[in-house]
């Protein structure tokens, strides 16, 4: 059996390989390319090779290459490898050697999950769409701020379409603001076109994934909410319970226990921020659903809101929706309001 540590940078990768006795049998620096890594490690194919690598921007494709070689890969969070973070002599070569050593003695923290290629592709599209939404929102907010200085107040969704921008061009404005509106209108149309392309890709992906249809049966949960969750979790079997999924999303309340007293505080916000953002929006959407299936959720929210306030109740509802989603994915079923009503 061999233990390999990889320290990856953009241009080169340092490799250190130890045997079962901890002796260095190979140290090298190779270009950070699939061919170079494959050529170096190919001689260890079928020899129980274990590899430790820090999570980073190039980790996913390197893991794919290592798994092709039959290696067992242990991906670690850089901040959790204390020996490397606290080492006074920190070089790429030393880091690779320490990774191999910690891997051999079982001193590495829990591995970071590397999603499957299809989940990574979905993540890429969702991230790109979120960036476009953020760009459009900032652009619209700039224009609205300028218009208020011109004593022009627009309805909430007036700039969500090309027609709205064309209508704004005909509004009497100062010369400078009119130039800005003209420029931003073209940019807004371009962003909207790019969003349509990405949303078409998401729709195509959703049609091939039964899990999206199952999640959409939950009141307030749409295609984007469902796909955001699926892209983040990759496979629900990673989580032994709904509580673990909630903790992964950062929606779990913080806990302070001292002197036999347990106090719950604000949510931890430690985890996938995109799940929190999208599923809080889903909670708001669930309150607006008129279908009878949403009534148990809305009644539950009202009871919590009376005790803890509306904002806290919304976060609690988002957490409850996530728990429902966990059971739907685990059991491969759909939302069943009668079960929720009985539990309430």
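The values are calculated or read from the model by the stated rules, or taken from the named source; none is laboratory data. Keep in mind that what you see is a predicted model, and the values were worked out from it rather than measured. Note that we place each Cβ from the backbone using ideal geometry, even for glycine, and neighbour counts take in every protein chain shown.
Overview of results
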| quantity | calculated |
| --- | --- |
| Pair list, Cβ under 6 Å, 6 or more apart: the stretch 243-263 residue at pLDDT 80 or above, other residue surrounded by 10 or more Cβ atoms within 10 Å (Cβ to Cβ) and in a strand (DSSP E or B) | 251/267; 253/264; 253/267 |
| Single residue of the stretch 301-335 satisfying the filter (closer than 30 Å to residue 235 by Cα and free of Cβ contacts under 8 Å to residues at least 40 places away in the same chain) that is farthest from the chain's Cα centre (by Cα) | 301 |
| Per-region count, the stretch 36-69, residues buried (at least 16 other Cβ atoms within 10 Å of the Cβ), touching a strand residue (DSSP E or B) at 6+ places or on another chain (Cβ under 8 Å) and either part of a helix (DSSP H, G or I) or touching a residue at least 40 places away in the same chain (Cβ under 8 Å) (or both) | 16 |
| Single residue of the stretch 162-182 satisfying the filter (without any contact (Cβ under 8 Å) to a residue 12 or more places away in the chain and surrounded by 11 or more Cβ atoms within 10 Å (Cβ to Cβ)) that is nearest to residue 130 (Cα to Cα) | 164 |
| Condition met for residue 225 (under 25 Å from residue 117 (Cα atoms) and either part of a helix (DSSP H, G or I) or assigned by TED's automatic domain parsing to the domain that holds residue 331 (or both)) | yes |
| Answer residue from the stretch 1-35, given it is part of a strand (DSSP E or B) and exposed (fewer than 13 other Cβ atoms within 10 Å of the Cβ) and is modelled with the lowest pLDDT among those | 24 |
| Candidate set: the stretch 282-297, residues that are free of Cβ contacts under 8 Å to residues at least 60 places away in the same chain and surrounded by 15 or more Cβ atoms within 10 Å (Cβ to Cβ); chosen: the one farthest from residue 316 (Cα to Cα) | 295 |
| Residues located in the stretch 115-159, provided they are loosely packed, with under 15 Cβ neighbours inside 10 Å, free of Cβ contacts under 8 Å to residues at least 12 places away in the same chain and not in a helix (DSSP H, G or I) | 151, 153, 155, 156, 157 |
